[in-house]
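**Q** My structure is below; once you've seen it, I'll send some questions.
Bear in mind these aren't lab numbers, they're just calculated from the coordinates by the rules spelled out. Just so we're clear, the structure is a prediction, and the values are computed from it rather than from any experiment.
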Amino acid sequence: MPKLLYLEASPRKERSHSSDVANEFMESYRESHPTDEIDVINVWDLDLPAVNGEMLNARYAIAHGQQITAEQEIAWKQVVEIFERFNSATKYLFSLPMWNFGVPYRLKHFIDVITQPGLAFNFSPESGYQGLVTGRPAAVVYARGGEYGIESGVEDMDFQKPYFDVWLKFIGFTDIRPVVVEPTMKGEEMVNLVKAFNRDHIRKIAQEV
Ligand SMILES: Cc1cc2nc3c(=O)[nH]c(=O)nc-3n(C[C@H](O)[C@H](O)[C@H](O)COP(=O)(O)O)c2cc1C
């Protein structure tokens, strides 16, 4: 059964521009795929385990086939549950704001929780890194207050889109369809123009995936 997972990274709910454009995708997706299962996760609503020393000890002990403590087992079980919910989809939609040139820390926390060897990727000295989340399309909505496109003169300050794109590829995605919503901080008129410009594009992606 096809399943869409929508991972939302803005905490601003109905005021969020990334969520607003992603909702356009969702509306179009529901029309074109009426029987598909849909799961929506806002990273700010998740109870994420700390990626601390104990968690990392568990990660390396498991990777080396060693025993883990009862406490580590509880923390690791939480990691596996969150990863399995993420990995259970056949298609993905992500929406994320730029925060201080990168991604919101809660999204980074989610990434640090689920990007585990044996779950999201494998490593061997012979073949290097191999992503395990393969064969699934991903649409990504990026919102930023400023403009960071080619020839903006500040392209090298964008650590949001390049970072997220590298992460998706690292864990195995190859079919990645980005939609950039910028600038969102130059007034309502500009935002409406930008959203109108992206509307057909995002609706088409939703129909195609
Ligand atoms: C904590 C914080 C940091 C931000 N940092 C940047 C930034 O570095 N560059 C930028 O262009 N906009 C920045 N912004 C503006 C947001 O990227 C912009 O408001 C965007 O629309 C947020 O996405 P959202 O509307 O989906 O929440 C920042 C906003 C916040 C709240």
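**Q** Report, to the nearest 10°, how far helix 161-170 tilts away from the longest principal axis of the Cα atoms in the chain, using its own Cα long axis and a range of 0 to 90°.
**A** The answer is roughly 40 degrees.
**Q** Starting from 0.36 nm per residue, how many nanometres of slack lie between Glu31 and Tyr129 once their C-alpha separation is accounted for?
**A** Extra length available between Glu31 and Tyr129 comes to 31.5 nm.
**Q** How far, in nm, would the chain grow between Ile41 and Gln78 when pulled straight, counting 0.36 nm per residue and subtracting the alpha carbon separation?
**A** 11.8 nm
**Q** Further question on the same structure: For Cα pairs less than 8 Å apart in space and 6+ apart in sequence, what is the mean separation divided by the residue count of the chain, i.e. the relative contact order in percent?
**A** 26
**Q** Could you give the angle, 0 to 90 degrees to the nearest 10, between helix 53-63's Cα long axis and the longest principal axis of the Cα atoms of the chain?
**A** Once rounded, the angle reads 70 degrees.
**Q** Quick one: give the max-minus-min coordinate of the C-alpha atoms of region 93-209 along each principal axis, largest first, in Å.
**A** For region 93-209, the Cα extents along the three principal axes come out at 53, 33, 27 Å.
**Q** Could you state, as a whole-number percent, how many of the C-alpha pairs of region 3-208 are farther apart than 22 Å?
**A** 52
**Q** Excluding same-chain residues fewer than 8 positions from Lys77, which lysines have a Cα within less than 28 Å of its Cα?
**A** Within the straight-line limit of under 28 Å, Lys77 reaches these lysines: Lys3, Lys91, Lys108, Lys169.
**Q** Turning to a different aspect of this structure: Which angle from 0 to 90°, rounded to the nearest 10, does the C-alpha axis of helix 70-87 make with the longest principal axis of the chain?
**A** Rounded to the nearest ten degrees, it is 40.
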